[in-house]
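**Student:** First, the structure itself, so that you have it in front of you.
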Amino acid sequence: MNNKSIGILGGGQLGRMLVKAASDFGLSICAMDSDGDAPVKDFIRDFKQGDIRDYEQVMAFGKSCDLLTIEIENVNTEALRDLEAGGLEVFPQPHIIELIKDKSKQKQFYRDKGIASPAFEVVNSKEEVKALAHKLPFVNKLAVEGYDGRGVQVMRVLEDLEKGFDAVGIVEDFVPFEKELSVMVARNQQGEVAVYPAVEMVAHAEHNLVEHLFSPAEVSAEVEAKAEAIAVEVIEKLGMVGLLAVELFVTKAGEVMVNEVAPRPHNSGHQTIEANITSQYEQHLRAILGLPLGATEVLIPSVMVNLLGEEGYVGSTKYVGLEEVLREAGVHVHLYGKKQTRPYRKMGHVTIVDQEAQELKRKADFVKKTLKVIA
Ligand SMILES: Nc1ncnc2c1ncn2[C@@H]1O[C@H](COP(=O)(O)OP(=O)(O)OP(=O)(O)O)[C@@H](O)[C@H]1O
Ligand SMILES: [Mg+2]
């Protein structure tokens, strides 16, 4: 495997952490991103500035690698299909990226395969969203290019309908969930599957994006088993090679259903670097290289806090409170090296580990109020 050159489409923080894991395997990595200051750039020699959504540029980049993977779904899958047809190894497989990156196709897949997921219908315009007023409350989502909650509108009352997207999307039943879980699962080229214990995601009150998460999730053994079984079912029915993050809703009645999946390392798996036997990044590499998958067990309870750009600050990045948080035992700071901050931009994350629940919570609260990214 060591002489294989691996290409990554996308050079954000996920790519950056993937490259760090790859260096432990002595692999040579190249990456392409349109941002000349992409977070991955600090770690690799072969960085190519280019548009991952452009057919010609993806073709040219792919031809310079032995194996191609992604750290974001918004890539030119037509080029990936052609590269695959030409004999290049591309994992996850292009047709699966294509299915997942369009929420309407992804949801149709769950329907066709009998995988539990909220009921939905496809809409093509704001008018069509408004025509579904009798279905309120519901959630309107863009079919493509939504991320970090930016393509999601929860609609509760008639006035909310004005916020509907005037674009192709879905309208999905609102689920009054009790908890949101995420389960990482990996499948290698030989079909071996390894699933991680579920983690619990807590979203930001207004911004629909993960603010922090706990690992392992506090759920009954029954819910845990259901969540892991669904994750395995999804990756097996997809026949995907690589790492898959499965976001799930759990209702008060203990029902578990799929919200959405991401075919790559994920924000909800960062804590695996310090808190599980095998990190999600190493696991993704093992899967796409056809290596045996690593053990997934939790080593120590953890909280992962996303470090978002502070509201009211745009410009050159400055960190406040770094020394204070580093004085606490078990606080692992990951800064992504982004030179420019803006409100709610993902600038880093902190994983806090502790055997003791009360201490873990105290430290997480301390980190949240102390460590800030400003300009
Ligand atoms: N059907 C639903 N019922 C209730 N809440 C929902 C529903 N769908 C989404 N949400 C809420 O909105 C959040 C974002 O939705 P979703 O995960 O589909 O979008 P996303 O933009 O792809 O998010 P991200 O990139 O942050 O994972 C969910 O984590 C959940 O809190
Ligand atoms: Mg999501």
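The values are calculated or read from the model by the stated rules, or taken from the named source; none is laboratory data. These figures come from a predicted structure and were not determined experimentally. Quick reminder, even Gly has a Cβ in these numbers, built from the backbone with ideal geometry, and neighbours come from all protein chains shown.
**Student:** So which residues in segment 150-180 are part of a strand (DSSP E or B) and closer than 29 Å to THR77 by Cα, if there are any at all? Outline the logic, then answer.
**Tutor:** Going through segment 150-180, the residues part of a strand (DSSP E or B) turn out to be 152-155, 169-173, 179-180.
If the condition is that a residue be part of a strand (DSSP E or B) and closer than 29 Å to THR77 by Cα, then VAL152, GLN153, GLY169, ILE170, VAL171, GLU172 are the ones that fit.
**Student:** Go through LEU299, LEU248, LEU291 for me and flag whichever is of a type outside the set (Gly, Ala, Ser), surrounded by 15 or more Cβ atoms within 10 Å (Cβ to Cβ) and either under 17 Å from LYS346 (Cβ atoms) or in contact with a strand residue (DSSP E or B) (Cβ under 9 Å, 6 or more places away or on another chain) (or both). First the steps, then the outcome.
**Tutor:** Values: LEU299 fails: surrounded by 15 or more Cβ atoms within 10 Å (Cβ to Cβ); LEU291 fails: either under 17 Å from LYS346 (Cβ atoms) or in contact with a strand residue (DSSP E or B) (Cβ under 9 Å, 6 or more places away or on another chain) (or both).
That would be LEU248, the only listed residue that is of a type outside the set (Gly, Ala, Ser), surrounded by 15 or more Cβ atoms within 10 Å (Cβ to Cβ) and either under 17 Å from LYS346 (Cβ atoms) or in contact with a strand residue (DSSP E or B) (Cβ under 9 Å, 6 or more places away or on another chain) (or both).
**Student:** While we're on this one: Give GLY86, GLY62 a once-over and let me know the one that is modelled with pLDDT of 95 or more, in contact with a helix residue (DSSP H, G or I) (Cβ under 6 Å, 6 or more places away or on another chain), small (Gly, Ala, Ser) and more than 16 Å from ligand 2 (Cβ to nearest atom).
**Tutor:** Values: GLY86 fails: in contact with a helix residue (DSSP H, G or I) (Cβ under 6 Å, 6 or more places away or on another chain).
Matching residue, one of GLY86, GLY62: GLY62.
**Student:** From the list SER104, SER125, SER64, SER117, pick out the single residue that is closer than 26 Å to ARG16 by Cβ and hydroxyl-bearing (Ser, Thr, Tyr).
**Tutor:** Values: SER104 fails: closer than 26 Å to ARG16 by Cβ; SER125 fails: closer than 26 Å to ARG16 by Cβ; SER117 fails: closer than 26 Å to ARG16 by Cβ.
So the residue among SER104, SER125, SER64, SER117 that is closer than 26 Å to ARG16 by Cβ and hydroxyl-bearing (Ser, Thr, Tyr) is SER64.
**Student:** Additional query: Which ones in segment 257-280 are within 11 Å of ligand 1 (Cβ to nearest atom) and among the hydrophobic types (A, V, I, L, M, F, W, C)?
**Tutor:** Pass one, segment 257-280, residues within 11 Å of ligand 1 (Cβ to nearest atom): 257-262, 266-268.
Hits for segment 257-280 are MET257, VAL258, VAL261, ALA262.
**Student:** Please verify whether segment 219-237 includes one or more residues that are within 16 Å of ligand 2 (Cβ to nearest atom), of a type in the set (A, V, I, L, M, F, W, C), farther than 18 Å from PHE25 by Cβ and in contact with a Pro (Cβ under 7 Å, 6 or more places away or on another chain).
**Tutor:** Of the residues in segment 219-237, the ones within 16 Å of ligand 2 (Cβ to nearest atom) are 227, 230-231, 234.
From what's left, of a type in the set (A, V, I, L, M, F, W, C): 227, 230-231, 234.
Going one step further and asking which of them are farther than 18 Å from PHE25 by Cβ, we end up with 227, 230-231, 234.
So of that shortlist, the ones also in contact with a Pro (Cβ under 7 Å, 6 or more places away or on another chain) come out as none.
Within segment 219-237 (the criterion being within 16 Å of ligand 2 (Cβ to nearest atom), of a type in the set (A, V, I, L, M, F, W, C), farther than 18 Å from PHE25 by Cβ and in contact with a Pro (Cβ under 7 Å, 6 or more places away or on another chain)), the answer is no, since none of the residues qualifies.
**Student:** Any residue that is surrounded by 18 or more Cβ atoms within 10 Å (Cβ to Cβ), within 20 Å of the chain's Cα centre (by Cα), more than 16 Å from ligand 2 (Cβ to nearest atom) and in contact (Cβ under 8 Å) with a residue 24 or more places away in the chain - is there at least one of those in segment 165-172?
**Tutor:** There is no residue in segment 165-172 that is surrounded by 18 or more Cβ atoms within 10 Å (Cβ to Cβ), within 20 Å of the chain's Cα centre (by Cα), more than 16 Å from ligand 2 (Cβ to nearest atom) and in contact (Cβ under 8 Å) with a residue 24 or more places away in the chain.
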